Amino acid sequence: MKGFAPLAPIAKRLQGKVAVITGGAAGLGASAARLFARHGAKVVIADIQPEPGRLLSEEINSSQSHGTAAASYVHCDVTVDADVRNAVDAAVSTHGRLDVMLSNAGVMARPDTMAIASTDPDDFRRVFDVNVYGAFLAAKHAARVMMTGQGGGGGAIVFMASNVTATSYGTTPHAYVASKHAVVGLMRNLCVELGGNGIRVNSVSPFAVPTAMSLGFTGMDETAFKEAYYGKTGNLKGVELDAGDVAEAALYLASEDAKYVSGINLLVDGGYSLKSA
Ligand SMILES: NC(=O)c1ccc[n+]([C@@H]2O[C@H](COP(=O)([O-])OP(=O)(O)OC[C@H]3O[C@@H](n4cnc5c(N)ncnc54)[C@H](O)[C@@H]3O)[C@@H](O)[C@H]2O)c1
């Protein structure tokens, strides 16, 4: 038998690029941090969880072939203007530029806020603070450096929205649904403003993925969650959505593969939104 030809190395789709990922210490953000680094990006993990953030940076750096530091953690609460400014400035001062902002940090409303009458105003504000105000600050500071050429000109801003921005209503708290619609509205408005600066702005809207957020909200373990969402509720059968799939969608929008794609809300929902329309 003839030997196999060696596999071609994967094309590094973010080679030389610098990315800030908010909420990058866990869940979907952590998966994106690993994938972006594998594709050659320098990644700044901006999160409020120092321990997982540092451990993830170490894991990513130890997997780099020449021992080069591809990832770093910076403490950043996205609801605090100075923190977000600092995270973006840290990316520029360490790596000289910013090419990608993945605004991913997000929180779910409390499970007992499904009905408007029982929705706690403080919880509503908390969700909007992180999901909307935090996304605004991430975009504002990313645009600030991308527009002044510290991004080397141009750039990509990607927001993590949710499939609740499509046509699936009634199963998720009002604060969360409204906040993700606001994120998509911000994305579309920014796409128009920043197009003149060569900055692309898009969002990813995933169906349910088992993470601390979704497992905590549903109160299910991973097995029950998968059975509920992929076995029963989901449209596309025989396949499960994982964090890596969502990271691939963000990678596409962040990379030159999407060089003329701006203003889209990329649904990664296996057609669920059409099924429930
Ligand atoms: N998991 C899902 O099913 C799902 C589906 C659709 C959209 N999303 C969205 O994806 C994003 C990530 O969600 P996840 O499921 O990975 O959640 P997660 O809870 O697993 O991770 C969220 C991360 O964000 C960080 N974070 C929270 N508040 C922050 C703040 N104020 N400042 C900085 N970082 C903060 C957390 O520390 C954590 O590392 C969120 O925007 C969420 O709304 C998730």
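We did not get these values from a lab; they are worked out from the coordinates using the rules stated. This one's a predicted model, so the numbers in the text were calculated from it and none came from an experiment. Cβ sites come from the backbone with ideal geometry, for glycine too, and all protein chains shown count toward neighbours.
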Original post:
Inside segment 28-50, can you point out the residues that are part of a helix (DSSP H, G or I) and either touching a strand residue (DSSP E or B) at 6+ places or on another chain (Cβ under 6 Å) or within 14 Å of the ligand (Cβ to nearest atom) (or both)?
Top reply: 28, 29, 30, 31, 32, 33, 34, 35, 36, 37, 50
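Pick from segment 51-69 the residues that are polar (S, T, N, Q) and outside any loop (DSSP other than H, G, I, E, B): which of them is surrounded by the fewest Cβ atoms within 10 Å (Cβ to Cβ)? Outline the logic, then answer.
To start, the set of residues in segment 51-69 that are polar (S, T, N, Q) comprises 57, 61-65, 68.
Right, trim to outside any loop (DSSP other than H, G, I, E, B) and you get 57, 61-62.
On the way: 57: 23, 61: 15, 62: 8.
Among those residues, the one meeting the criterion is 62.
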**OP:** Could you grab me the full set of residues in segment 51-79 that are more than 9 Å from the ligand (Cβ to nearest atom) and hydrophobic (A, V, I, L, M, F, W, C)?
**Re:** 55, 56, 60, 69, 70, 71, 74
Original post:
What about residue 147, is it among the hydrophobic types (A, V, I, L, M, F, W, C), surrounded by fewer than 23 Cβ atoms within 10 Å (Cβ to Cβ) and out of contact with any Leu (no Cβ under 6 Å at 6 or more places or on another chain)?
Top reply: yes
**OP:** Would you please list the contacts, defined by Cβ atoms under 8 Å and residues six or more apart or on different chains, that run from a residue in segment 70-83 that is assigned to a strand (DSSP E or B) to a residue that is within 6 Å of the ligand (Cβ to nearest atom)?
**Re:** 73/25; 73/47; 75/47; 75/48
Original post:
Which condition does residue 12 not pass, out of (1) more than 26 Å from residue 85 (Cβ to Cβ); (2) of a type in the set (D, E, K, R); (3) assigned to a helix (DSSP H, G or I), if it passes all the others?
Top reply: (3)
Original post:
Which of the residues that make up segment 105-126 are within 16 Å of the ligand (Cβ to nearest atom), within 19 Å of residue 219 (Cα to Cα) and part of a loop (DSSP other than H, G, I, E, B)?
Top reply: 106, 107, 108, 109, 110
**OP:** Identify, by number, the condition in (1) touching a Lys or Arg at 6+ places or on another chain (Cβ under 9 Å); (2) surrounded by 24 or more Cβ atoms within 10 Å (Cβ to Cβ) that residue 123 doesn't meet.
**Re:** (2)
Subject >> Unique residue being among the hydrophobic types (A, V, I, L, M, F, W, C) and assigned to a strand (DSSP E or B) when the list is 267, 215 >> reply: 267
**OP:** Kindly indicate the residue of segment 171-212 that is without any contact (Cβ under 8 Å) to a residue 40 or more places away in the chain and out of contact with any helix residue (DSSP H, G or I) (no Cβ under 9 Å at 6 or more places or on another chain) and also nearest to the ligand (Cβ to nearest atom) among those meeting that condition.
**Re:** 185
**OP:** Would you check which residues across segment 221-277 are of a type in the set (Phe, Trp, Tyr) and farther than 21 Å from residue 168 by Cβ and list them?
**Re:** 252, 260
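Which one is nearest to the ligand (Cβ to nearest atom), of the residues in segment 229-255 that are in a helix (DSSP H, G or I) and charged (D, E, K, R)? Lay out the reasoning, then the answer.
Within segment 229-255, the subset in a helix (DSSP H, G or I) is 229-233, 243-254.
Keeping just the survivors that are charged (D, E, K, R) gives 232, 245, 248.
Working: 232: 15, 245: 11, 248: 14 Å.
The residue in question is 245.
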